[in-house]
1. May I ask you to list pairs of residues, at least six apart or on different chains, whose Cβ atoms are under 8 Å apart, with the first in the stretch A:344-361 being open to solvent by 40 Å² or more (accessible area, probe 1.4 Å) and the second being of a type in the set (D, E, K, R)?
2. Return the residue satisfying two criteria in turn: it lies in the stretch A:346-373 and is more than 8 Å from chain B (Cβ to nearest Cβ) and not in a helix (DSSP H, G or I), and of such residues it is farthest from A:GLU112 (Cα to Cα).
3. Is one or more of the residues making up the stretch B:248-264 closer than 26 Å to B:ILE442 by Cβ and surrounded by 20 or more Cβ atoms within 10 Å (Cβ to Cβ)?
4. Of all the residues that make up the stretch B:12-39, how many are open to solvent by 30 Å² or more (accessible area, probe 1.4 Å), acidic (Asp, Glu) and within 15 Å of B:TYR507 (Cβ to Cβ)?
5. Being open to solvent by less than 90 Å² (accessible area, probe 1.4 Å), closer than 22 Å to B:ILE113 by Cα and in a loop (DSSP other than H, G, I, E, B) is the filter here, so list the residues in the stretch B:40-49 that pass it.
6. Do we have any residue at all in the stretch B:280-299 that's within 33 Å of the chain's Cα centre (by Cα), open to solvent by 30 Å² or more (accessible area, probe 1.4 Å) and touching a residue at least 40 places away in the same chain (Cβ under 8 Å)?
7. Show me the helices (runs of 4 or more DSSP H) found entirely inside the stretch B:405-462 where at least 1 residues are in contact with a Leu (Cβ under 9 Å, 6 or more places away or on another chain).
8. Which one of B:ASP559, B:ASP554, B:ASP537, B:ASP471 is at pLDDT below 80 and more than 29 Å from B:SER148 (Cα to Cα)?
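The values are calculated or read from the model by the stated rules, or taken from the named source; none is laboratory data. These figures come from a predicted structure and were not determined experimentally. Note that we place each Cβ from the backbone using ideal geometry, even for glycine, and neighbour counts take in every protein chain shown. Quick note on the areas: whole protein, heavy atoms, side chains included, nothing else; ligands and nucleic acids left out. Shrake-Rupley method; radii C 1.70, N 1.55, O 1.52, S 1.80 Å.
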Amino acid sequence: MTLKVDIKDKIKQNSSMFVNFIKNAITASPKVQNNFLEVTTKVAETALKIIKDADLIVDLNYKGKEFWSINRCKTSCFIDGGVDRTSIISSAPLSIRAGSYIVKPDATSKREFFEESMVFLGDLYDPKNELYDFVDDDFEEDQMLNKKKDGARIIFEAATIVKHILLNKKFDYCFLHGPLEATVMPFTVAGFPTFTKFAVENMFPFISKNSSVEARHFINAYLEALNYIKKSKFPIYGIVETSNSAPYIKNLLFNYKIKGTISDKDYNSVIKTIKKYKITDSHILEIILSSGQALKPLEVKKQLAGFTVTSGSAWEEKMDSFPKVFIGYIKTSDNQAPVRIESLNYPKYLIKDYEYILGTSRLLPNYGFPVGLNVVDKFAKIPNWMSKTSRKYYATHLLRQAIKNKDQNTVSLAVKILSKKSRSWKNRPIGGISK
Amino acid sequence: MSKLNNWKAIGTVLGETDINEYHFSLKNYKAKKGDIVTTASRLPSTDGTVIPVTVWGKISSIERFNAFFPAEAAQELTNEDIDIRDTILPTTKDELRCKVIILGYTEDGKEKISKLLPLNYPVMPAAIVKYPSSKDVEELFISDLDSSHPISIGNLLARKDVEIKIDGDNLISRHISVWGMSGSGKTVFVRRILTELLNLKYPSFVLDIHGDYLGFVQKQKKYFPDNKVKLFYPNLSVRAEDKEIVYTLIDKLGNTLTDPQRDFLNSLLEKIKYEGGSLLQYIKLLNVKAREFASSGSASFKNVKPASMFVVARSLRIVSKKLENMEQTNARHRRKMSHLKFEELPDSATEPEKIISKGQMSILYLRGYENLPASAIVSIVLENLFRHRQEASEEIAPFFTVIEEAHNFIPSRSENKDDIPSVDTIRKVISEGRKFGTGVMIISQRPSRVDETIASQCNSQVVFRIVNQRDQRATTRDSETLSNDDAKQLPNLANGQGIISGQIVNYSLPVQIKFDEKLINDDIGNENFIDTVENWDDKESVKLRKKFAKDFADINEIDSRRAN
């Protein structure tokens, strides 16, 4: 009873839970709305019991001044990628970069480096494939464009980690803003272009120069990169701000189902409920964990075959080749949902590593996220003005080429790029002198 | 300009520019506020060609920010007492953004740096900003000043090796205001100017309230052997024509009079003819006469009651007493400096050449005098001297007047002291003085209390540290060349640092005034009062008084005891 009251109180104070409740209030039926609080409470209570049973909660230690005087000798690398925001029809992305913020507080000479580890302007994907196969449906076209952008960002971030490993950097920690292993299913769709030979060779030198076209597809290239990253000598973590799914809870329940502690019927029923109420790891763990507490990592299979998008895809079998991911959570702040910690290996020094993540997050006491990732996020982000400039540059270059070559395909592409959305509401002329 | 290639690149022009200002991103530690910078540009010329030019500007403000340092991190650092250098927070990503006020442009490809011309086409965004050599900046200032009598006043605040000169001709023929808090450097600047004027043999007349300029008298033989430095004390002598001033003095210094009493005073002034000479004697004479009329009656004052006459007589006695006190105070101060030769101020009406003469500095030592009598003295002297310059005979040479504590002589209308005598005189000298070579320098620590019309006619300004916001507003209100960015800098200026602007320099420049230490008045002690008290010993007279006081206290105590 005390537990129930405690959790109910926490729910009332829980911001992300409240946001989800509002979302449900808008989209879900009245019955769902009424049941939301009660169901969430019950799921949280059950999850807490299982977590306690599995002895997954650890208390982390953080004393500001003491922590930093001990850890000032550590070299940390924070990585994030940025893609331009302008929409352009092409085998885009046009401009993309991944940045690293490398810092060693007690360094005698230079304590910090901001590095544009990977920069690219132009077509990352091979134009010989599906570049000119425009889809008539604008929506589909945009979907593909977004996938290309995401794919490019993910591959650039992975390539940056690979680069640091290849250069034999002596990091104590390496952190990536976002999941260390992204879900690759969206890129298995038919028609998704392969990377250029040049791009793959430059990003992943360990991929054979004589490799086939298939080897340059996102899925294969990314798999190779992850396998390489898994062998890194320094610990690498992907940090995710908020979880939109419930991989930890679902896997925990699954493990208990396998052990026979939960019946198949109960397992299926609770998974259905979690889906119905859009309950995520963040919601549940925000209630369960107190500030400074963490959950030990669980091994999770991220690439699940049979997902609707990829069902029947040629890549379905490939999914099993991807390494499993260790997922843990740290509640860094009273005000925020726990952050998700991903690694490809079980952390060798779990407590110390998690305490380091907590310490770096305490420097952003309200946001509760490692400050180094916040720094590199600002550094790697491609500002609007840069996006616009690159778009203009690209369009002009393309048109010149088209006129020079008199190639019908290129001309039609150039015309389409230049005319696309030029009359959209966003581009309406502004009254007076535009500033 | 070939020189441009030798100058160091320090930044890049940002986004939008216009013909008055631009912003640029600055390399760390490569320039400061107040520095002169250049950028190469191209302009359409009058004949339709495009010419390469160098645009000169002054850094008027610098912003520094670290976009990578979140505010909430500062909160944690403070709460937990963490040194940022121990953490992973970035400390090297500061960005510097400077605002540049454009001074003008010079044409490239010329041997010498020419005079600055007003820019009429915006600076090119993304152009490189350079840091010109000190020699070239100095060359620009001299060339731009275009003065036959440049006066050195110090160096550019941001660059010690750039000497700043002002146009001496503009200084003495026009007017200049000097504002700043007490101890901010006003007197240092005035001493500098007076030194240069002595070197030029240009006559000056200084109204010295506190004895700040007595150093010139002390050191005259050593440093100005070819000049005369005269030290005068006021002589309250008035002429018959100055009847209005006499009336104002009695009216303001004495008791408040009713209308019939004022009528009597006016009639008294008419009746008792004044032939000039000591004002004090004249007021005493008026007092005696007023008493006589009150006691015996007079056919001339049939309608005035004796009681009213007595009130006027009493008021005259108060005025004469006050004037006597002021004279005595002034004399006491003079006696303290017995080694200095004080002379009675000659009659400015009949002997102006004794006050204004080639190569002479005349100091009128006004210490001890209240505002009103001081104002009356100044009004009479300046009126006479100005008249001598106005007359065709030109009995005296052009001269330069320095008015210390100007708010006492030319108070603002809001002070309700508009009728003090010196206001009209100084207004006249300021508005007509240019034609007759009677330049004026007004100095005050409270510019907001100075007459707005007079202040606005000073077309050059030197402003030192000012903290009071009303005074800050007054400085920008009265100046055509002082910008708001300059005004923001005023509270932070150190001693001897000022912003000089107007016709004597053409644009506003932050300057460190050269300190002529040798000209400090040795008789004005330091202001270390704590040490003074520490070494304090009562005078014998005081010790004796204290002893007697104790004896009397003992007597009183015994006396008040109860008999039992």
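1. What qualifies is A:ASN345/A:LYS230; A:TYR346/A:GLU299.
2. Restricting to residues being more than 8 Å from chain B (Cβ to nearest Cβ) and not in a helix (DSSP H, G or I), the top hit is A:TYR346.
3. yes
4. Narrowing the stretch B:12-39 to residues open to solvent by 30 Å² or more (accessible area, probe 1.4 Å): B:12, B:14-21, B:23, B:25, B:27-30, B:32-33.
Applying the additional criterion that residues be acidic (Asp, Glu) yields B:16, B:18, B:21.
Now restrict to residues that are within 15 Å of B:TYR507 (Cβ to Cβ): B:21.
Of the residues in the stretch B:12-39, 1 are open to solvent by 30 Å² or more (accessible area, probe 1.4 Å), acidic (Asp, Glu) and within 15 Å of B:TYR507 (Cβ to Cβ).
5. To start, the set of residues in the stretch B:40-49 that are open to solvent by less than 90 Å² (accessible area, probe 1.4 Å) comprises B:40-41, B:43-45, B:48-49.
Next, only the ones that are closer than 22 Å to B:ILE113 by Cα stay: B:40-41, B:43-45, B:49.
Matches in the stretch B:40-49: B:SER45, B:THR49.
6. No: the stretch B:280-299 contains no residue that is within 33 Å of the chain's Cα centre (by Cα), open to solvent by 30 Å² or more (accessible area, probe 1.4 Å) and touching a residue at least 40 places away in the same chain (Cβ under 8 Å).
7. In the stretch B:405-462, B:406-409, B:421-436 are the helices (runs of 4 or more DSSP H) which contain 1 or more residues that are in contact with a Leu (Cβ under 9 Å, 6 or more places away or on another chain).
8. None of the others qualify; the one that does is B:ASP559.
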